[in-house]
Structures are given as C-alpha cells and as structure tokens.
Amino acid sequence: DHRASVTVRRVGARIARAADKFAAEHGLEEDQVKHSGKPTFTVIQSDAANAFVLPNNHVCVLTGLFRYARDEDELAAVLGHEQAHCLARHAGERVSGGFLTSIIARFVLLLDPTGVLYTLFVPAAALLRELPHSRDQ
C-alpha cells in the first residue's frame, strides 16, 4: 500500500468513529446510519486538490490535496467534511435528483415531440441542479 493510502485509511477510520459517535449522540435515524455503510477510502492519483464522496459512504481523495493538507490534522479536517456529506447522504440525494430530472426530461419530450422544449429543459435543469454545488459561486 502506498503511504498516502495508508494515511488516508488510518485518519479516515478515526473520523468515521467520531462520526458514528456524533450520529448516536444526536439521534440520527438508526436506519440512515446503517444504510450509509462502513466507509471506504480511496486515494486517486491526480494533480487536482480535491476530495469527494460517492454513494454508500465511499470517500475519494485526490493526491493533489496533499500539497495543501500538510499533516494528519489538516487531512482530518477534509475527511471530516466529507464524512459529514456521508451522514447527510448528499451523494444519494444527487443521484436521486438526477433520476428525477431524467424522468421530467422524458415527460417534456412527450409533451413536445419536436424536442424544442427538451433542448431548453435539459441544460437549464443541469444548471439549476449543479449550480448550488459549484465551488465557483
């Protein structure tokens, strides 16, 4: 295992234990915590400095982040932020939102078979769905 992977898993496990304790102390739905699953941590080789969460509590850290997170405490801050997304189930919400947008887009196409409304709806829906999550706001 690469040193970065070992470090991310070790710090991530510490954050996950703290997140479980937080969930128990603050009465998060037991169902919500169970379905989020045990977190997994993956390090991805990339110059970009970022971390993100995928559904089912999967946290990914891009190696470019290590240029800025110089020690385990700074890495823990990033992983804590990502773990909060896991507890709030944000990744699942984004998947659900995409599914709903897809259904509405098909309905729009049924209403206007020419596709004019569809060509307006799809980019507008994508913009409205993604804009709140943009870091360039």
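The values are calculated or read from the model by the stated rules, or taken from the named source; none is laboratory data. Model, not experiment: these values are computed from the prediction. Methodologically, a virtual Cβ is constructed for each residue, glycine included, from the backbone with ideal geometry; neighbour enumeration extends over all protein chains shown. What goes into the accessible areas is simple: the full protein's heavy atoms, side chains included, and nothing from ligands, DNA or RNA. Shrake-Rupley method; radii C 1.70, N 1.55, O 1.52, S 1.80 Å.
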Please work out if V61 is at pLDDT 80 or above and in contact with a Phe, Trp or Tyr (Cβ under 8 Å, 6 or more places away or on another chain).
yes
For the subset of the range 40-52 comprising residues that are open to solvent by 30 Å² or more (accessible area, probe 1.4 Å) and in contact with a helix residue (DSSP H, G or I) (Cβ under 6 Å, 6 or more places away or on another chain), which member is nearest to R17 (Cα to Cα)?
F41
Open to solvent by 30 Å² or more (accessible area, probe 1.4 Å), modelled with pLDDT of 80 or more, touching a Cys at 6+ places or on another chain (Cβ under 8 Å) and of a type outside the set (A, V, I, L, M, F, W, C): does that describe T114?
no
Counting just the residues of the range 9-53 that are at pLDDT 90 or above and hydroxyl-bearing (S, T, Y), which one comes out farthest from H81 (Cα to Cα)?
S46
Evaluate the following for L79: is it modelled with pLDDT of 75 or more, open to solvent by less than 100 Å² (accessible area, probe 1.4 Å) and not β-branched (V, I, T)?
yes
